[in-house]
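Any read-out appearing in this document is the output of simple, stated calculations on the displayed coordinates, not a laboratory observation. What you see is a predicted model; the values in this text were computed from it and never measured. Note: ideal-geometry Cβ built from the backbone for every residue, glycine included; neighbour counts use all protein chains shown.
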Amino acid sequence: MKKSLRLLALVVALAAAGTWFATGANRGWTKTSVEKKTLDEVTGLEAITYEKQFVPGLDFLGVALLGAGALAGFSFLFRNQPN
Amino acid sequence: MKTTALSLFALTALSVAASAAPLTFDFKDPKGVNNAVFKLDAPLEAINGSANGVSGTVTFDPADPGATKGKIVVDAASLHVPNPVMKEHMHGDQWLDVAKHKEITFEAKSFSNVKTTGDNTTAEVTGTLTIRGVAKEVNAPVKLSYLKGKLGLRVPNQKGDLLVIRASFAVKRSDFGINPKAPEDKVADTIDLTLSIAGAAPR
């Protein structure tokens, strides 16, 4: 159980960090939409629309790492199994 | 002969008056291009977003751009930021309270330092900006571009003109009672606003 919890904590931490890096390492808050600009050639104005896209931010990474830390900490409540 | 001459004079006067008449531009853009961008740059956090629920009318006389009058309305609920929690807070009663104050408006009262080159006019507009039910007089540099006969390029089979308005200015969040107690290191007091809109005057 102890080993499983620590392994799970490692998987959660790596998965969160990997997702954060893979989606552009956004150092702001998590976004659920991203801005898209298109030029209107007649007026010269830029239209701004938002597309649904999940971009994890530092809050996502922080919560995931805290969760992983809690899992790892929880593992200390279990004793080593005798061989 | 006298009657004919009078009729011709009347017709000429009418056509001159018609061509010189101010045009009324509707800013409810069917293409959804019109937008207002807002930026708050605090030391700990930058907030960027935009609104696209723009409407309103502007009366513009190509022969006298300085006489432009009108009102631009932004649907407060159309203000968007990419973070859903931040958006919920921004729309909430402590911040913009969009349920109670549904519109952000700017009513142009007068223009000064009007300079026209071709179809482009730059000026300083003075008007009343109303946010969260609080009205304040503001001055902003503005650029007006009159695109005569260009409406058909945007809306097929429709003849008319376009008026493009660009304006950038800054206001204080605290002046409009937008959560004045919020710490300024997290949410800047200065809101930078950029308005980029096009209106149509069909003929």
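Overview of results
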item: Degrees, to the nearest 10: B:2-20 long Cα axis against longest axis of chain B; result: 20 degrees
item: A:E41 paired with B:D41, simple spin-label distance in nm, labels 7 Å along Cα-to-beta-carbon; result: 3.3 nm
item: Calculated FRET value between A:K52 and A:V11, using beta carbons and R₀ = 41 Å, to 0.05; result: 0.90
item: Greater than 19 Å apart at Cα, pairs in A:K36/B:K31; A:K31/A:K52; B:K69/B:K159; result: B:K69/B:K159
item: Summed residue charge, Cβ within 12 Å of B:F176's Cβ, Lys/Arg positive, Asp/Glu negative; result: +1
item: Rg followed by Dmax, in Å, when chain A is reduced to its Cα trace; result: 20.3, 78
item: Translational diffusion of the protein assembly as shown, µm² s⁻¹ [Kirkwood Rh, Cα pairs; Stokes-Einstein; 25 °C; 0.890 mPa s]; result: 109 µm²/s
item: Distant-in-sequence amide H partners of B:G56 (H built 1.01 Å from N, under 5 Å); result: B:F27, B:K28, B:V73
item: Under 19 Å from the Cα of B:K148 - aspartates and glutamates, other chains or at least 8 residues apart; result: A:D40, A:E41, B:D26, B:D29, B:D61, B:D64, B:D119, B:D161
item: For A:G28, residues with placed amide H under 5 Å, excluding near neighbours; result: A:L58
item: Listed residues A:L45, A:L66, A:L14, most fluctuating in chain A (Gaussian network, C-alpha, under 10 Å); result: A:L45
item: Cut-off 17 Å, label 7 Å out along Cα→Cβ of B:A135, residues of segment B:44-60 by amide N; result: B:57
item: Alpha carbon centroid spacing (whole Å) that separates segment B:35-106 from segment A:3-47; result: 26 Å
item: Vicinal HN-Hα couplings computed from phi for segment B:139-148 (Karplus, 6.51 cos²θ - 1.76 cosθ + 1.60; Hz; Gly/Pro x); result: 10, 8, x, 9, 10, 10, 10, 8, 10, 5
item: Mean projection area, nm², convex hull over Cα of segment B:131-200; result: 6.5 nm²
item: For segment B:50-152, convex hull volume per residue from C-alpha positions, Å³; result: 121 Å³
item: Amide H contacts under 5 Å for B:L23, placed H, 5+ residues apart; result: B:F60, B:D61
